[in-house]
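Structure first, then comments.
The values are calculated or read from the model by the stated rules, or taken from the named source; none is laboratory data. It should be emphasised that the depicted structure is a prediction, and the values quoted were computed from it without experimental measurement. A quick note on method: Cβ atoms are made from the backbone with ideal geometry, for glycine too, and the neighbour counts reach across all protein chains shown. Ligands, DNA and RNA are stripped out before the accessible areas are found, and what is left, the full protein with its side chains, is counted by its heavy atoms. Shrake-Rupley method; radii C 1.70, N 1.55, O 1.52, S 1.80 Å.
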Amino acid sequence: MENPVLVEVTRGNRVESRHRGMVVAVDGDGEVVFSAGDIDAPVFPRSACKAMQALPLVESGAADAYGFGAKELALACASHNGEPEHAALAAAMLAAAGRDVSALECGAHWSSEQPVLIGQARSFERPTALHNNCSGKHAGFVCTACHTGVEPRGYVGYDHPIQAEIRGVMESLTGTALAHDNCGTDGCSIPTYAVPLKRLAHGFAKMATGAGLAPVRARAAKRLMEACMAEPFYVAGNHRSCTRLMQVAPGRIFVKIGAEGVFCAAVPEKGIAIALKCEDGASRAAEAMVAAVLARFFDRDEDVHATLMEQANHAMRNWNGIHVGDVRVTAALTA
(Lines give C-alpha, C1' and ligand atoms only; values in the text may rest on other atoms or scores of the structure.)
Protein backbone atom coordinates (compact mmCIF):
# COMPACT_ATOMS: atom_id res chain seq x y z
CA MET A 1 0.00 0.00 0.00
CA GLU A 2 1.37 3.41 -0.97
CA ASN A 3 0.86 6.01 1.72
CA PRO A 4 -0.74 9.28 0.62
CA VAL A 5 1.06 12.60 0.41
CA LEU A 6 0.07 14.38 3.62
CA VAL A 7 2.35 17.43 3.49
CA GLU A 8 3.70 19.54 0.62
CA VAL A 9 6.49 22.09 0.78
CA THR A 10 6.45 24.87 -1.79
CA ARG A 11 9.08 27.25 -3.10
CA GLY A 12 7.84 30.10 -5.25
CA ASN A 13 4.72 28.82 -6.98
CA ARG A 14 5.87 25.19 -7.23
CA VAL A 15 5.77 22.17 -4.96
CA GLU A 16 9.39 21.42 -4.11
CA SER A 17 8.94 18.46 -1.73
CA ARG A 18 6.23 15.99 -0.80
CA HIS A 19 5.98 13.94 2.39
CA ARG A 20 3.98 10.72 2.56
CA GLY A 21 2.74 9.24 5.78
CA MET A 22 0.15 7.37 7.77
CA VAL A 23 -2.03 8.59 10.60
CA VAL A 24 -4.79 7.13 12.74
CA ALA A 25 -7.08 8.41 15.48
CA VAL A 26 -8.95 5.91 17.66
CA ASP A 27 -11.22 5.94 20.68
CA GLY A 28 -10.77 4.05 23.94
CA ASP A 29 -12.37 0.94 22.45
CA GLY A 30 -9.95 0.98 19.53
CA GLU A 31 -12.51 2.13 16.97
CA VAL A 32 -10.97 4.18 14.18
CA VAL A 33 -12.41 7.69 13.92
CA PHE A 34 -9.97 8.97 11.29
CA SER A 35 -7.20 7.42 9.24
CA ALA A 36 -4.97 7.87 6.23
CA GLY A 37 -2.39 5.47 4.87
CA ASP A 38 -1.31 2.05 6.10
CA ILE A 39 -2.33 2.19 9.76
CA ASP A 40 -1.43 -1.47 10.36
CA ALA A 41 2.21 -0.93 9.43
CA PRO A 42 4.61 -1.47 12.36
CA VAL A 43 6.58 1.61 13.39
CA PHE A 44 9.18 2.27 16.05
CA PRO A 45 7.48 4.83 18.31
CA ARG A 46 10.85 5.96 19.62
CA SER A 47 10.40 8.72 22.20
CA ALA A 48 6.70 9.16 21.42
CA CYS A 49 5.88 6.34 23.88
CA LYS A 50 7.72 7.80 26.89
CA ALA A 51 4.50 8.25 28.87
CA MET A 52 3.97 4.49 28.57
CA GLN A 53 7.54 3.87 29.71
CA ALA A 54 6.99 6.14 32.73
CA LEU A 55 4.02 4.15 34.06
CA PRO A 56 6.14 1.92 36.36
CA LEU A 57 7.55 5.05 38.02
CA VAL A 58 4.04 5.93 39.21
CA GLU A 59 2.55 2.44 39.59
CA SER A 60 5.44 1.23 41.77
CA GLY A 61 4.95 4.07 44.23
CA ALA A 62 8.38 5.51 43.47
CA ALA A 63 7.01 8.87 42.32
CA ASP A 64 5.14 9.35 45.59
CA ALA A 65 7.97 8.01 47.71
CA TYR A 66 10.33 10.61 46.27
CA GLY A 67 7.80 13.44 46.35
CA PHE A 68 7.55 13.94 42.60
CA GLY A 69 5.01 16.42 41.31
CA ALA A 70 3.88 17.44 37.84
CA LYS A 71 7.26 18.83 36.76
CA GLU A 72 9.13 15.65 37.61
CA LEU A 73 6.53 13.43 35.97
CA ALA A 74 6.53 15.61 32.85
CA LEU A 75 10.33 15.34 32.70
CA ALA A 76 10.07 11.55 33.03
CA CYS A 77 8.01 11.64 29.79
CA ALA A 78 10.20 14.24 28.08
CA SER A 79 12.47 14.68 25.12
CA HIS A 80 13.76 17.97 26.43
CA ASN A 81 16.14 20.60 25.08
CA GLY A 82 18.78 20.14 27.76
CA GLU A 83 18.10 23.63 29.07
CA PRO A 84 19.35 24.47 32.59
CA GLU A 85 15.94 23.83 34.17
CA HIS A 86 15.75 20.37 32.57
CA ALA A 87 19.22 19.31 33.69
CA ALA A 88 18.70 20.64 37.21
CA LEU A 89 15.40 18.81 37.64
CA ALA A 90 16.86 15.52 36.36
CA ALA A 91 19.68 15.90 38.90
CA ALA A 92 17.15 16.57 41.67
CA MET A 93 15.19 13.44 40.73
CA LEU A 94 18.33 11.33 40.99
CA ALA A 95 19.28 12.97 44.29
CA ALA A 96 15.90 12.03 45.73
CA ALA A 97 16.90 8.39 45.24
CA GLY A 98 20.41 8.96 46.59
CA ARG A 99 22.01 8.86 43.13
CA ASP A 100 23.76 11.31 40.82
CA VAL A 101 24.58 11.74 37.14
CA SER A 102 26.92 8.75 37.21
CA ALA A 103 23.84 6.50 37.43
CA LEU A 104 22.58 7.61 34.00
CA GLU A 105 23.28 5.34 31.02
CA CYS A 106 21.76 7.50 28.27
CA GLY A 107 24.97 9.17 27.08
CA ALA A 108 25.61 12.91 26.81
CA HIS A 109 24.95 15.52 24.14
CA TRP A 110 24.77 19.29 23.86
CA SER A 111 21.53 21.21 24.21
CA SER A 112 19.28 21.30 21.14
CA GLU A 113 18.33 24.93 21.94
CA GLN A 114 20.95 27.01 20.12
CA PRO A 115 21.34 29.88 22.64
CA VAL A 116 21.69 27.34 25.45
CA LEU A 117 24.19 25.32 23.43
CA ILE A 118 26.33 28.43 22.85
CA GLY A 119 26.23 29.17 26.56
CA GLN A 120 27.22 25.62 27.38
CA ALA A 121 30.14 25.74 24.97
CA ARG A 122 31.35 28.94 26.63
CA SER A 123 30.93 27.79 30.22
CA PHE A 124 32.07 24.18 30.37
CA GLU A 125 34.15 21.70 28.44
CA ARG A 126 31.48 19.15 27.62
CA PRO A 127 27.85 18.33 28.45
CA THR A 128 26.85 15.55 30.83
CA ALA A 129 24.14 12.93 30.65
CA LEU A 130 21.87 15.37 32.48
CA HIS A 131 21.72 17.39 29.25
CA ASN A 132 20.64 14.38 27.21
CA ASN A 133 17.07 14.87 26.01
CA CYS A 134 16.14 11.58 27.70
CA SER A 135 17.71 12.30 31.10
CA GLY A 136 14.33 12.69 32.81
CA LYS A 137 13.11 9.35 31.53
CA HIS A 138 16.33 7.68 32.61
CA ALA A 139 16.19 9.37 36.01
CA GLY A 140 12.72 7.85 36.31
CA PHE A 141 14.11 4.40 35.50
CA VAL A 142 16.83 4.78 38.15
CA CYS A 143 14.31 5.98 40.74
CA THR A 144 11.96 3.09 39.98
CA ALA A 145 14.79 0.60 40.36
CA CYS A 146 15.99 2.10 43.64
CA HIS A 147 12.49 2.22 45.13
CA THR A 148 11.72 -1.39 44.19
CA GLY A 149 15.06 -2.73 45.42
CA VAL A 150 16.49 -3.50 41.98
CA GLU A 151 20.11 -2.75 41.14
CA PRO A 152 19.95 0.15 38.64
CA ARG A 153 23.23 -0.68 36.93
CA GLY A 154 22.60 -1.95 33.40
CA TYR A 155 19.00 -0.67 33.38
CA VAL A 156 19.16 0.02 29.63
CA GLY A 157 19.59 -3.68 28.82
CA TYR A 158 16.85 -5.81 27.29
CA ASP A 159 16.96 -8.33 30.17
CA HIS A 160 17.10 -5.82 33.03
CA PRO A 161 14.00 -5.97 35.28
CA ILE A 162 13.15 -2.32 34.49
CA GLN A 163 13.07 -2.98 30.74
CA ALA A 164 11.19 -6.23 31.25
CA GLU A 165 8.55 -4.33 33.23
CA ILE A 166 8.27 -1.65 30.54
CA ARG A 167 7.98 -4.33 27.86
CA GLY A 168 5.06 -5.88 29.74
CA VAL A 169 3.36 -2.49 30.13
CA MET A 170 3.64 -1.77 26.42
CA GLU A 171 2.46 -5.25 25.45
CA SER A 172 -0.62 -4.80 27.61
CA LEU A 173 -1.41 -1.33 26.27
CA THR A 174 -0.84 -2.08 22.59
CA GLY A 175 -1.91 -5.72 22.45
CA THR A 176 1.33 -6.50 20.64
CA ALA A 177 3.87 -9.18 21.51
CA LEU A 178 7.25 -7.52 22.00
CA ALA A 179 10.45 -9.52 21.73
CA HIS A 180 13.85 -9.55 20.04
CA ASP A 181 12.35 -9.95 16.57
CA ASN A 182 10.63 -6.52 16.67
CA CYS A 183 13.18 -4.82 18.92
CA GLY A 184 15.76 -2.18 18.03
CA THR A 185 17.98 0.08 20.11
CA ASP A 186 16.87 3.65 20.69
CA GLY A 187 19.14 6.68 20.63
CA CYS A 188 19.36 6.67 24.43
CA SER A 189 20.34 2.95 24.42
CA ILE A 190 17.12 1.36 25.72
CA PRO A 191 15.10 -1.15 23.66
CA THR A 192 12.50 0.23 21.26
CA TYR A 193 9.83 -1.97 19.70
CA ALA A 194 8.04 -1.81 16.36
CA VAL A 195 4.27 -1.66 16.96
CA PRO A 196 1.42 -1.39 14.41
CA LEU A 197 0.43 2.27 14.23
CA LYS A 198 -3.23 1.60 15.04
CA ARG A 199 -2.30 -0.37 18.16
CA LEU A 200 0.05 2.37 19.29
CA ALA A 201 -2.79 4.88 19.04
CA HIS A 202 -5.12 2.51 20.90
CA GLY A 203 -2.59 2.24 23.74
CA PHE A 204 -2.65 6.00 24.17
CA ALA A 205 -6.43 6.07 23.89
CA LYS A 206 -6.58 3.62 26.79
CA MET A 207 -4.29 5.91 28.78
CA ALA A 208 -6.43 8.94 27.95
CA THR A 209 -9.75 7.28 28.80
CA GLY A 210 -8.88 4.51 31.23
CA ALA A 211 -10.85 2.09 29.05
CA GLY A 212 -9.86 -1.50 29.72
CA LEU A 213 -7.22 -0.56 32.31
CA ALA A 214 -6.97 -1.70 35.90
CA PRO A 215 -7.71 1.16 38.32
CA VAL A 216 -4.06 1.56 39.38
CA ARG A 217 -2.90 1.90 35.78
CA ALA A 218 -5.79 4.16 34.80
CA ARG A 219 -4.93 6.53 37.65
CA ALA A 220 -1.22 6.46 36.80
CA ALA A 221 -1.88 7.13 33.12
CA LYS A 222 -4.19 10.04 33.90
CA ARG A 223 -1.64 11.49 36.30
CA LEU A 224 1.19 11.33 33.75
CA MET A 225 -0.86 12.86 30.94
CA GLU A 226 -2.14 15.62 33.20
CA ALA A 227 1.42 16.34 34.37
CA CYS A 228 2.62 16.73 30.77
CA MET A 229 -0.29 19.01 29.90
CA ALA A 230 0.29 21.08 33.04
CA GLU A 231 4.06 21.44 32.47
CA PRO A 232 4.66 21.42 28.71
CA PHE A 233 8.02 23.20 29.05
CA TYR A 234 9.38 20.17 30.90
CA VAL A 235 8.14 17.83 28.16
CA ALA A 236 10.20 19.62 25.51
CA GLY A 237 11.28 23.23 26.07
CA ASN A 238 11.43 26.57 24.35
CA HIS A 239 10.58 26.71 20.63
CA ARG A 240 9.54 23.03 20.54
CA SER A 241 6.44 21.68 18.84
CA CYS A 242 5.20 19.59 21.79
CA THR A 243 5.35 22.59 24.11
CA ARG A 244 3.69 24.91 21.58
CA LEU A 245 0.89 22.49 20.76
CA MET A 246 0.01 21.81 24.39
CA GLN A 247 0.03 25.54 25.10
CA VAL A 248 -2.63 26.10 22.40
CA ALA A 249 -5.29 24.56 24.65
CA PRO A 250 -3.83 24.13 28.16
CA GLY A 251 -4.95 20.95 29.86
CA ARG A 252 -6.79 19.72 26.78
CA ILE A 253 -4.08 18.44 24.42
CA PHE A 254 -1.37 15.85 25.11
CA VAL A 255 1.39 15.57 22.49
CA LYS A 256 4.68 13.68 22.37
CA ILE A 257 7.17 13.56 19.54
CA GLY A 258 9.35 10.62 18.59
CA ALA A 259 12.39 10.53 16.33
CA GLU A 260 12.05 9.79 12.61
CA GLY A 261 8.76 11.57 12.08
CA VAL A 262 6.56 9.97 14.76
CA PHE A 263 3.98 11.66 16.96
CA CYS A 264 1.49 10.40 19.50
CA ALA A 265 -1.22 12.66 20.87
CA ALA A 266 -4.49 12.60 22.77
CA VAL A 267 -7.50 14.78 23.36
CA PRO A 268 -8.81 13.36 26.66
CA GLU A 269 -12.08 15.34 26.60
CA LYS A 270 -12.91 13.71 23.25
CA GLY A 271 -11.72 10.27 24.37
CA ILE A 272 -9.42 9.88 21.37
CA ALA A 273 -5.73 9.38 20.71
CA ILE A 274 -3.61 9.82 17.60
CA ALA A 275 -0.51 8.13 16.23
CA LEU A 276 1.26 9.10 13.03
CA LYS A 277 4.44 8.54 11.09
CA CYS A 278 5.96 10.67 8.35
CA GLU A 279 7.32 8.01 6.03
CA ASP A 280 10.62 9.76 5.31
CA GLY A 281 11.19 10.74 8.94
CA ALA A 282 10.99 14.50 8.37
CA SER A 283 10.16 16.41 11.55
CA ARG A 284 8.80 19.47 9.70
CA ALA A 285 6.17 17.31 8.02
CA ALA A 286 5.29 15.30 11.12
CA GLU A 287 4.77 18.52 13.10
CA ALA A 288 2.39 19.81 10.43
CA MET A 289 0.55 16.49 10.35
CA VAL A 290 -0.11 16.30 14.08
CA ALA A 291 -1.29 19.91 14.26
CA ALA A 292 -3.76 19.34 11.41
CA VAL A 293 -5.12 16.09 12.84
CA LEU A 294 -5.57 17.66 16.28
CA ALA A 295 -7.43 20.55 14.65
CA ARG A 296 -10.04 18.09 13.33
CA PHE A 297 -11.17 17.50 16.91
CA PHE A 298 -11.54 21.19 17.73
CA ASP A 299 -13.74 22.12 14.78
CA ARG A 300 -16.28 23.74 17.13
CA ASP A 301 -13.63 25.73 18.99
CA GLU A 302 -12.71 28.31 16.39
CA ASP A 303 -9.73 29.85 18.18
CA VAL A 304 -8.06 26.53 18.99
CA HIS A 305 -8.79 25.17 15.51
CA ALA A 306 -7.36 28.26 13.83
CA THR A 307 -4.20 28.26 15.96
CA LEU A 308 -3.56 24.59 15.29
CA MET A 309 -4.03 25.09 11.55
CA GLU A 310 -1.60 28.02 11.67
CA GLN A 311 0.97 25.58 13.02
CA ALA A 312 0.05 23.02 10.36
CA ASN A 313 0.28 25.49 7.46
CA HIS A 314 3.07 27.99 7.87
CA ALA A 315 5.49 30.12 5.92
CA MET A 316 9.17 29.36 5.39
CA ARG A 317 11.55 32.30 5.53
CA ASN A 318 15.23 32.52 4.70
CA TRP A 319 17.96 34.10 6.83
CA ASN A 320 16.95 37.54 5.55
CA GLY A 321 13.36 36.98 6.64
CA ILE A 322 12.11 36.72 3.05
CA HIS A 323 9.06 34.50 2.51
CA VAL A 324 10.38 31.76 0.20
CA GLY A 325 7.71 29.08 0.46
CA ASP A 326 5.23 27.26 2.65
CA VAL A 327 4.69 24.02 4.53
CA ARG A 328 1.10 22.93 4.00
CA VAL A 329 -0.98 19.86 4.73
CA THR A 330 -3.00 18.23 1.96
CA ALA A 331 -6.71 17.51 1.70
CA ALA A 332 -5.99 13.95 2.90
CA LEU A 333 -5.73 15.44 6.41
CA THR A 334 -8.32 18.19 6.22
CA ALA A 335 -11.19 16.89 4.08
Considering every pair of different Cα atoms, what Kirkwood radius, in Å, is found for the range 5-333?
-> 19.9 Å
ALA331 to ALA92: extension gain in nm, 0.36 nm per residue of separation minus the Cα-Cα distance?
-> 81.4 nm
Normalised contact order of the range 1-157, rounded percent, pairs of Cα under 8 Å and 6 or more residues apart | 20 percent
Inter-probe distance in nm under a simple model that places probes 7 Å from Cα toward Cβ, at MET1 and GLU226 = 3.6 nm
Taking amide hydrogens as modeled 1.01 Å from N in the peptide plane, which residues meet the under 5 Å criterion relative to LEU6, leaving out close sequence neighbours?
-> HIS19, ARG20, GLY21
Can you list the residues of the range 52-95 with backbone N under 16 Å from a point 7 Å past the Cα of GLN247, pointing along Cα to Cβ?
-> 80-86
The range 44-104-the range 148-196 distance, computed between alpha-carbon centres (Å) = 17 Å
Applying the gyration tensor rule to the Cα atoms of the range 184-335 (axes a ≥ b ≥ c; rounded if a/c under 1.5, else prolate if a/b exceeds b/c, else oblate), the class is prolate
Considering only MET170, MET316, MET229, give the residue with the highest GNM mean-square fluctuation for the chain, with springs between Cα atoms whenever their separation is below 10 Å.
-> MET316
For the range 5-333, whose charge dipole is built from +1 on Lys and Arg Cβ atoms and -1 on Asp and Glu Cβ atoms, the candidate among ALA108, ALA65, GLY149 with its Cα farthest towards the positive end is ALA108
Please sort by residue number the GluC sites (Glu not before Pro) in the range 113-180 whose DSSP state is loop and whose Cβ has at most 12 other Cβ atoms within 10 Å.
-> GLU125
Taking Cα atoms of the range 21-75, Rg/Rh with Kirkwood Rh, to two decimals?
-> 1.14
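Can you tell me the accessible area per residue over the range 5-333, all protein chains present, probe 1.4 angstrom, in square angstrom?
Working: 13260 Å² over 329 residues.
Accessible surface, normalised per residue, equals 40 Å².
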When only C-alpha pairs under 8 Å and at least 6 residues apart count, what is the relative contact order of the chain, in percent?
-> 24 percent
With label points built 7 Å along Cα→Cβ from the Cα atoms of VAL32 and THR148, find their separation and express it in nm.
-> 3.5 nm
So what is log10(I(q)/I(0)) for the range 59-111 at q = 0.22, 0.26 1/Å, when the Debye sum runs over its Cα atoms only?
-> -0.90, -1.21
Would you mind checking LYS137/LYS206; LYS198/LYS277; LYS206/LYS270; LYS198/LYS222; LYS71/LYS277 for any pair whose Cα atoms are more than 19 angstrom apart?
-> LYS137/LYS206; LYS198/LYS222; LYS71/LYS277
Taking Cα atoms only, Rg over Rh for the range 11-142 with Rh from the Kirkwood formula is 1.10
With contacts defined as alpha carbon pairs under 8 Å and 6 or more residues apart, what's the relative contact order of the range 152-223 in percent?
-> 22 percent
Linear extension gain, HIS314 paired with SER102, 0.36 nm per residue minus alpha-carbon span = 72.1 nm
Please work out how much length the chain gains when fully extended from SER17 to TRP110, using 0.36 nm per residue of separation minus the C-alpha to C-alpha distance, in nm with one decimal.
-> 30.5 nm
Which residues qualify? For VAL195, with a placed amide H closer than 5 Å and at least 5 residues away or on another chain, they are VAL43, PHE44
For the modelled label position 7 Å from the Cα of VAL324 along Cα-to-Cβ, which residues of the range 1-35 have backbone nitrogen atoms closer than 17 Å?
-> 9-18
Going by Cβ distance under 4.7 Å, what cysteines of the chain have no possible disulfide partner?
-> CYS49, CYS77, CYS143, CYS146, CYS183, CYS228, CYS242, CYS264, CYS278
With a Förster distance of 22 angstrom and the Cβ-Cβ distance between ASP40 and HIS180, calculated FRET efficiency to the nearest 0.05 equals 0.55
Considering amide H positions built from the backbone, and no H for Pro or chain starts, which residues 5 or more places from VAL324, or on another chain, come under 5 Å of its amide H?
-> MET316, ARG317, ASN318
Gaussian network model of the chain, springs between alpha carbon atoms under 10 Å - residue of ALA292, ALA221, ALA41 with greatest fluctuation | ALA41
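Is there a quick way to get the dipole size of the range 5-333? I mean about its Cα centre, with the Cβ of Lys and Arg at +1 and of Asp and Glu at -1; what is the value in debye to the nearest 20?
Values: 31 positive and 35 negative charges, 59 e Å.
Magnitude of the dipole: close to 280 debye.
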Solvent-accessible area, 1.4 Å probe, carbon plus sulfur percent, for the range 5-333 | 48 percent
